[in-house]
Structures are given as structure tokens and as C-alpha cells.
Amino acid sequence: MTPEELWKKSGLNGTYGIFEYGSDDPEELMRLTLKKIKQATTGALRLYEMDHEPVPQEGEYYVIRDSAGNARCVIRDTRIIICPFREVTEEMAAIEGEGDRSLQYWRDAHLNFFGREYAEQGLVFTEEELVVFEQFEVVYPSEIDL
């Protein structure tokens with residue numbers, strides 16, 4: 001299903017963005033999102049700026065596509081926090097819902113991911129870099145059989 005088809009089926013009005021998870025295992029992140037375990041994602045502010053992408057805002061809607069490009073769900077951002085990487089909290093890591101939900105797991109996974117993304121741009125990621133913590137809720141479909 002295309003993002004346009006899913007948006008229309010949802011019955012929601014207004015505008016929406018489209019994104020796919022960037023990770024080593026995007027299908028696992030999609031599964032966690034659909035089960036409503038993963039309720040947040042984190043991006044590097046500098047990468048938003050370099051890609052000329054707007055920073056997410058509270059109340060915005062997004063259609064998430066799987067790695068095959070199929071629209072799977074609609075989310076609505078409920079909280080945006082911009083802070084240095086080193087200031088991400090245990091609570092934030094738990095809300096992100098990955099691995100064992102610990103801050104240490106979150107830090108290791110994101111240092112690895114951001115390190116690679118920055119290296120591709122000829123940059124070095126440090127714990128002083130600003131990150132965009134994006135908390136969301138799945139609004140469509142509201143119930144999913146997995």
C-alpha cells in the first residue's frame with residue numbers, strides 16, 4: 001500500500017510526512033512500532049540540517065514505510081526534545097523500545113549508527129552532538145494483528 005492510500009484509508013485530514021527507519025534492522029523497528037513497544041525515535045540534528053529536512057514538530061503526522069516501501073502505519077508526534085546525545089535519559093531510552101530498553105543498549109546502538117552516518121559525511125559524531133528525540137503514538141491502524 002502506498003503512503004497516499006494508507007493516509008486516505010486512515011480518514012485523517014491535513015498533511016503528513018513519510019519516513020522509513022534507518023538502522024541495521026528496520027523490519028524489527030517496524031514490528032516494535034506496530035506492537036506499540038517502540039514509541040520514539042532519535043535523529044541527529046546535524047543530519048536534518050545537512051539534508052535540508054525540517055525538524056519534526058509536536059502534532060505532526062507521518063506515514064512509516066517498511067524497507068520494501070509499503071506504508072504500514074500512521075504516527076503522530078507527541079513530544080520533541082532536542083538535547084545533546086549525552087543527556088538522553090533512561091526514560092527516553094525505554095520509550096524508544098529497542099533491545100533491552102536500557103540506556104546502555106540505546107547509547108551503544110546509537111553511537112554505532114550515528115558514527116557510521118557521520119563518517120559517510122566525513123564527520124565525527126561526539127556525545128556533544130544535538131539529537132532530536134521524537135516521541136509518537138500510532139494512530140492508524142489502532143489495532144494490528146501480528
Please name all residue pairs, on different chains or six or more residues apart, with Cβ atoms under 6 Å, provided the first residue is in region 114-126 and is without any contact (Cβ under 8 Å) to a residue 24 or more places away in the chain and the second residue is assigned to a loop (DSSP other than H, G, I, E, B).
-> G115/F125
Conditions (1) surrounded by 14 or more Cβ atoms within 10 Å (Cβ to Cβ); (2) touching a strand residue (DSSP E or B) at 6+ places or on another chain (Cβ under 7 Å); (3) farther than 18 Å from G17 by Cβ; number of the one not met by V138 | (3)
Would you check if there is a residue in region 90-104 being at pLDDT 95 or above, of a type in the set (K, R), within 16 Å of K38 (Cβ to Cβ) and over 14 Å from the mean Cα position of the chain (by Cα)?
-> yes
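Yes/no per residue for (1) touching a residue at least 40 places away in the same chain (Cβ under 8 Å); (2) surrounded by fewer than 16 Cβ atoms within 10 Å (Cβ to Cβ):
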{"site": "T2", "(1), (2)": "yes, yes"}
{"site": "E5", "(1), (2)": "yes, yes"}
{"site": "K8", "(1), (2)": "no, yes"}
{"site": "E27", "(1), (2)": "yes, yes"}
{"site": "I37", "(1), (2)": "yes, yes"}
{"site": "T41", "(1), (2)": "yes, no"}
{"site": "V55", "(1), (2)": "yes, yes"}
{"site": "E58", "(1), (2)": "no, yes"}
{"site": "R65", "(1), (2)": "yes, no"}
When every residue in region 16-34 that is within 18 Å of E134 (Cα to Cα) and part of a loop (DSSP other than H, G, I, E, B) is compared, the one modelled with the highest pLDDT is Y16
Using beta carbons and a limit of 8 Å, which pairs, at least six apart or on different chains, have the first residue in region 75-100 and more than 27 Å from I18 (Cβ to Cβ) and the second one in a strand (DSSP E or B) and modelled with pLDDT of 95 or more?
-> P84/L130; P84/V131
What strands (runs of 3 or more DSSP E) lie completely within region 35-135 and have 1 or more residues being of a type in the set (G, A, S)?
-> 40-44, 71-84
For region 1-34, name all the residues that are over 30 Å from T126 (Cα atoms) and within 15 Å of the chain's Cα centre (by Cα).
-> Y16, L34
Members of region 39-71 that are within 21 Å of E96 (Cα to Cα), out of contact with any helix residue (DSSP H, G or I) (no Cβ under 7 Å at 6 or more places or on another chain) and small (G, A, S) = G43, G59
Count of residues meeting criterion [loosely packed, with under 14 Cβ neighbours inside 10 Å and among the charged types (D, E, K, R)] in region 88-113 = 4
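The values are calculated or read from the model by the stated rules, or taken from the named source; none is laboratory data. Bear in mind that the values here come from a model prediction, so they are computed numbers and not experimental data. Positions of Cβ are generated from backbone atoms using ideal geometry, with glycine treated the same way; all protein chains shown enter the neighbour counts.
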